[in-house]
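Chemist: Take a look at this one; I'll ask things after.
The values are calculated or read from the model by the stated rules, or taken from the named source; none is laboratory data. All values reported here derive from a predicted model rather than from experimental measurement. Backbone-built Cβ (ideal geometry, glycine too); neighbour counts: all protein chains shown.
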Amino acid sequence: MKQSILTKTAIVLLCLTALIACQEKKKPINFPATDLAKANMIPMPLKTIPTNSAFALDKNTAIYTTESDNKFVDVGAFLSKKIKTKTDLDLPVNESRADNVERIIYINQADSEELAGNEAYQLYITRDSVIINAKTAEGAFRGIQTFRQIIPETSNDTLTDHKMWLVPTGKIMDNPNFGYRGSMLDVARHFFSVEDVKKYIDLLAYYKMNILHLHLTDDQGWRIEIKSWPKLTEVGGSTQVGGESGGFYTQEEYKDIVKYAAEHYITIVPEVDMPGHTNAASVSYPFLNGNGKTPKLYTGTEVGFSTFDANKDTVYAFIDDVIREITAISPGPYFHVGGDESHVTSKKDYVTFVNKVEKIVHKYGKRMIGWDEIVTADVDSNAIAQYWSSGKNAKLAVQKGMKVILSPANKAYLDMQYDTLSKFGLHWAGYVPVDTAYVWTPEEYDGIPLKNILGIEAPLWSETISTMEELEYLAFPRVIGFSELGWTPKENRNWDNYKIRLANQAPYLDRMNVKYYPSELIDWKKSKYTYKTISKD
Ligand code: TNX
C-alpha cells in the first residue's frame, strides 16, 4: 500500500516534470473546438460535460495505472493493445523511464462516493491528461471502452510534425441502468467455434455488455463435454440442423471461453435446456427419454416433441452430474435450466421436474434462470424468469417476487428477420427492423415493476445461420442498440441521435471485419458491405 502511494507520487512528479519541461520548450497548440457530447459513444453515458478542447493522443502519451491491483494493470495493457490496433501507436504501460512523456492516461482505483457501483467510472479528459477513476477494475474496463470510442478514426497531421488523435475534452460520469446486459448464442442448432465466440465477446465488450448466455444443448445437438456421460457429445454432438456434422466444446475449450469472457468482464451463463429440447441427450442415453418413442438424431427445426422422463431417479442423478460438471467450470452466479416449450411433458411432471432441478442448481451454489414458463412450477423467489413470450408468466414471476430478464421476442430476438427481404432469420414474432429493436422502453415493459427487472438480453437462435458471417448479419447492428437499452437511462435515449452514432460505428465494425446488415434506415459512414457479400447463392 505504502509502496503504491510512493509509486503514484513518483509517477505524478515525473509527469509534471516532463510536462513542465515540454511547456518550456513548446508553445501551446491551438486545437480546433471539440464537442464531447457529440462523440460516437454507444451506449450513451449517464452524464457528459464537454469542455471543447482536445487531448492529443500521440507517441508521447503514456498509460499509468494503480499498480497495487494487478487487474488495473491488465486494464491498462488492454487499452494499450486496443490503441495500437486503432492508431498504430505503442503506448507504454507503467513504464518508470519514460523521458519523452508529454501526456498521460491514468487508470486509477478510487473510492469516491460518487462511484455508485462496480461498473461505475468517471472519465476526466483535459489537454494534458486522461484520468479514469473507478472503484473496481470492472468499472475501469467499462471506462476504457468509452475512451476507445472517442478516439477519432483519423489523426490530425497538420498541427505538429507527427500524428495526433484529438480526443475531445470534458467529463463523463457513468453507471449502467441495469446490472444484467447480455446476449445469447444458440450453439446447439448450429455449432460455433471457440474463435467465433471470442470474436462475439470482443464486440460485446466494446459496447459494455456483461453477459454472454450460451444455449449449449437442444434437440439437435449437445455441445459441452460431460466427462461422466461421454456419449452426450460423441452421439448428441455429432450433427446439427441441416444434417452437417456438429461439434462441441471440450471442458478445456469451454474454460478457455469462460476465461476470455472474464478478461472482458463478461460472465458466461451456461444453459442446459430441459425437460423439453432434450432429443440430443435422449439419443445419447435413451433411458432419459420420456416421450415413449425411440429417439433418433434430429436435424430439423420443429420443436416441442422431446422430454426427459420426470419420474426416474436415474434422470435426476444424470442431471446432477451434468450440473456439477458445468458449474465447476462456470464461475458466474447463474445456471440456466431452459424450461421452455415442453409441450409433451405433462403439467404435473413439468412442475415436479423444475422443482427437483432447482434444488440441484442450489446444491451447486448457483442461482437458477429459466425461460418464462418456469414460473408455472413452484420456484423460489430467488429464481429468475427470462421473459420471451408470455406476459402472463411475467406477471406470475412478479407475484412470486422473482426478478425478470427481458427478452421479448418481437423486440429482442436477434434471429427475427429485419424485413421480408432478409436472407436469414425467422419471423414468427414479426419482423424486427433496427428501429423497432431500439425504440422501446425496458424500464416500463408490460407492467413489470422496475425493481423486478434484472436487465435485458438479446438472444440469437441459430436455426437459419451456420457461419460467423451469417451470425453477424443478424446480430449487427441490432445488438449494439441493446447495449444502449441496457446501460443508458431512457432520458438519454433518442432514435434520431442514436442513428447518427450507430452510422459512425461502421469504421470500427469494418476494422473488426463484422459483416453487419447495412440497414437502409442508417446512413452508414463508409460502409463496405452490401447485401450481396453475404449471399448464399
Ligand atoms: C423459440 S425462445 C424458442 C427457441 C427457438 C426460437 C426461434 C425459446 C425459449 N424457445 O427454441 O430457437 O423460438 O426464434
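Chemist: Is it the case that I323 is within 24 Å of the chain's Cα centre (by Cα), away from the ligand (no atom under 14 Å from the Cβ) and not basic (K, R)?
Modeler: yes
Chemist: Could you count how many residues in region 344-396 are under 22 Å from P333 (Cα atoms), of a type in the set (D, E) and more than 16 Å from the ligand (Cβ to nearest atom)?
Modeler: Summing the residues that are under 22 Å from P333 (Cα atoms), of a type in the set (D, E) and more than 16 Å from the ligand (Cβ to nearest atom) in region 344-396 gives 3.
Chemist: Tell me, please, whether a residue that is part of a strand (DSSP E or B) and β-branched (V, I, T) can be found in region 147-170.
Modeler: Looking for residues that are part of a strand (DSSP E or B) and β-branched (V, I, T), one finds at least one in region 147-170, hence yes.
Chemist: State which residue pairs qualify: first residue within 11 Å of the ligand (Cβ to nearest atom) and inside region 409-438, second residue at pLDDT below 95 in any location, beta carbons under 8 Å apart, and separation of 6 or more residues or different chains.
Modeler: A409/S389; A429/S389
Chemist: Do we find that L406 is among the aliphatic types (A, V, I, L, M), more than 20 Å from T488 (Cβ to Cβ) and within 16 Å of the ligand (Cβ to nearest atom) in this structure? Give the derivation first.
Modeler: Working: among the aliphatic types (A, V, I, L, M): yes; more than 20 Å from T488 (Cβ to Cβ): no; within 16 Å of the ligand (Cβ to nearest atom): yes.
So L406 does not fit the description; no.
Chemist: Being acidic (D, E), closer than 30 Å to M209 by Cα, at pLDDT 95 or above and within 16 Å of the ligand (Cβ to nearest atom) is true for just one of E263, E271, E253. Which residue is that?
Modeler: Values: E263 fails: within 16 Å of the ligand (Cβ to nearest atom); E253 fails: within 16 Å of the ligand (Cβ to nearest atom).
The conditions single out E271.
Chemist: Would you please list the contacts, defined by Cβ atoms under 6 Å and residues six or more apart or on different chains, that run from a residue in region 37-66 that is more than 19 Å from R97 (Cα to Cα) to a residue that is small (G, A, S)?
Modeler: Sorted first by the residue in region 37-66, then by its partner, the pairs are P43/S483; T48/A37; I49/G170; P50/A37; P50/G170; T51/G170; N52/A33.
Chemist: Let me confirm something: among I63, I49, which residue is among the aliphatic types (A, V, I, L, M) and touching a Lys or Arg at 6+ places or on another chain (Cβ under 6 Å)?
Modeler: None of the others qualify; the one that does is I49.
Chemist: Another question, then. One residue is enough: does region 234-247 have a residue meeting the conditions closer than 15 Å to V197 by Cα and modelled with pLDDT of 95 or more?
Modeler: Yes, region 234-247 contains at least one residue that is closer than 15 Å to V197 by Cα and modelled with pLDDT of 95 or more.
Chemist: With outside the structural domain of D202 (by TED's automatic domain parsing), assigned to a helix (DSSP H, G or I), of a type outside the set (D, E) and away from the ligand (no atom under 16 Å from the Cβ) as the only criterion, which of L485, L509 stands out?
Modeler: Working: L485 fails: outside the structural domain of D202 (by TED's automatic domain parsing).
From the options L485, L509, the qualifying one is L509.
Chemist: Could you tell me which residue of region 137-148 is farthest from P507 (Cα to Cα), considering only residues that are touching a residue at least 60 places away in the same chain (Cβ under 8 Å) and either of a type in the set (A, V, I, L, M, F, W, C) or buried (at least 19 other Cβ atoms within 10 Å of the Cβ) (or both)? Break it down stepwise before answering.
Modeler: So in region 137-148, the residues touching a residue at least 60 places away in the same chain (Cβ under 8 Å) come out as 137-138, 140-142, 144-148.
This time we only want the ones that are either of a type in the set (A, V, I, L, M, F, W, C) or buried (at least 19 other Cβ atoms within 10 Å of the Cβ) (or both), so: 137, 140-142, 144-147.
On the way: A137: 28, A140: 24, F141: 22, R142: 21, I144: 18, Q145: 16, T146: 16, F147: 16 Å.
Among them, the one singled out is A137.
Chemist: In this structure, does G401 turn out to be outside any helix (DSSP H, G or I), away from the ligand (no atom under 16 Å from the Cβ), closer than 16 Å to E271 by Cα and in the same structural domain as D273 (by TED's automatic domain parsing)?
Modeler: Spelling it out, it is not the case that G401 is outside any helix (DSSP H, G or I), away from the ligand (no atom under 16 Å from the Cβ), closer than 16 Å to E271 by Cα and in the same structural domain as D273 (by TED's automatic domain parsing).
Chemist: Kindly provide the set of residues from region 105-119 that are within 29 Å of A33 (Cβ to Cβ) and buried (at least 22 other Cβ atoms within 10 Å of the Cβ), ordered by number.
Modeler: I105, I107
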